[in-house]
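Below: the structure, in structure tokens.
FYI, it's all coordinate maths here, none of it is from the lab. Just so you know, these numbers come straight off a predicted model, no measurement behind them. Cβ placement follows ideal geometry from the backbone for every residue including glycine, while neighbour counts extend to all protein chains displayed.
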Amino acid sequence: MPRPYVACGSVVDKALQAAMNEIRRYIAGSSTPEDPAHADNTLHWLLKLKPDAGPALQLAALGHDIDRASPDKVQRRDFSDYDAFKAAHARHGAAILAELLCCHGLPDALVQQCCDLVRQHETGGTAEADVLRDADSLSYFDTNLPLYLQREGEQEALRRSLWGLQRLSPGALALLGSWQHKDPAAAAIIEEALVRHRRQANGTEESANTTQ
């Protein structure tokens, strides 16, 4: 079982652990109950997908949604376009994380790399950003979906799940299809979303149009 970054005694190692702890404390203040678990679960999935992930990528996985815990978080209602909302969310999260990490004496290059990854976590575009996007998406299904389903209802959960499937790489999509969610209601949403996603891939169903 791969594990998160473990300090080895150096000043930088201790600073990384301190930064991770502060990210967790910040996200613990989110008004969305699944956010703290999603942060650590994204890190868990990252290390399943890429066991040799470096510290910048691990920090980015843990802090990618830090915007959601901010008092002035980006609001969906302020955007007519969902992708524009997601891009603004990613940029704001990167700015928050840059301010947080600079207080821990981490190397500038590491902080820059981490923030660049957070800025790209919704879209991917590099090998590391792509694996971060996969980890984030898999964690939505693993951790967020049951509570999202309770809060938003079946139709919206299905639409959000279809959007999430469209983000997954072929390898991550196959991984999702190979396991059964322990929550029966969430498992049913995933199964239906996978069926519809295959239909979309075959051109027999329209693409998802999510609003969350």
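Nothing charged except the Cβ atoms of Lys and Arg (+1) and of Asp and Glu (-1): what's the magnitude of the dipole of the stretch 11-201 about its Cα centre? Round to the nearest 20 debye. Each step should come with its number before you reach the end.
Numbers: 21 positive and 27 negative charges, 61 e Å.
Once rounded to the nearest 20, the dipole reads 300 debye.
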By average C-beta atoms within 10 angstrom, highest first, the peptides 16-22, 173-179: 16-22, 173-179
State, to one decimal in nm, how far the label point of residue 77 lies from the label point of residue 202, with both points 7 Å from Cα in the Cβ direction. 4.1
Listed residues 120, 58, 75, most fluctuating in the chain (Gaussian network, C-alpha, under 10 Å): 75
Percentage, to the nearest whole number, of Cα pairs in the chain over 25 Å apart: 36
List the lysines whose Cα sits under 27 Å from the Cα of residue 50, skipping any in the same chain fewer than 8 residues away. 14, 86, 182
Applied in sequence order to the stretch 161-171, the curve 6.51 cos²θ - 1.76 cosθ + 1.60 (Karplus, θ = phi - 60°) yields integer Hz couplings, x standing for Gly and Pro, of 5, 4, 4, x, 5, 5, 7, 6, 5, x, x
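So for the stretch 11-201, averaging the separation of alpha carbon pairs under 8 Å that are six or more residues apart and normalising by length, what relative contact order in percent results?
Values: 234 pairs, mean separation 39.9, N = 191.
Over the stretch 11-201, the number comes to 21 percent.
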Sorted by mean Cβ packing within 10 Å, highest first, what order do the peptides 43-49, 62-68 take? 62-68, 43-49
According to the Kirkwood expression over distinct Cα-Cα pairs, how big is the hydrodynamic radius of the stretch 102-212, in Å? 15.2
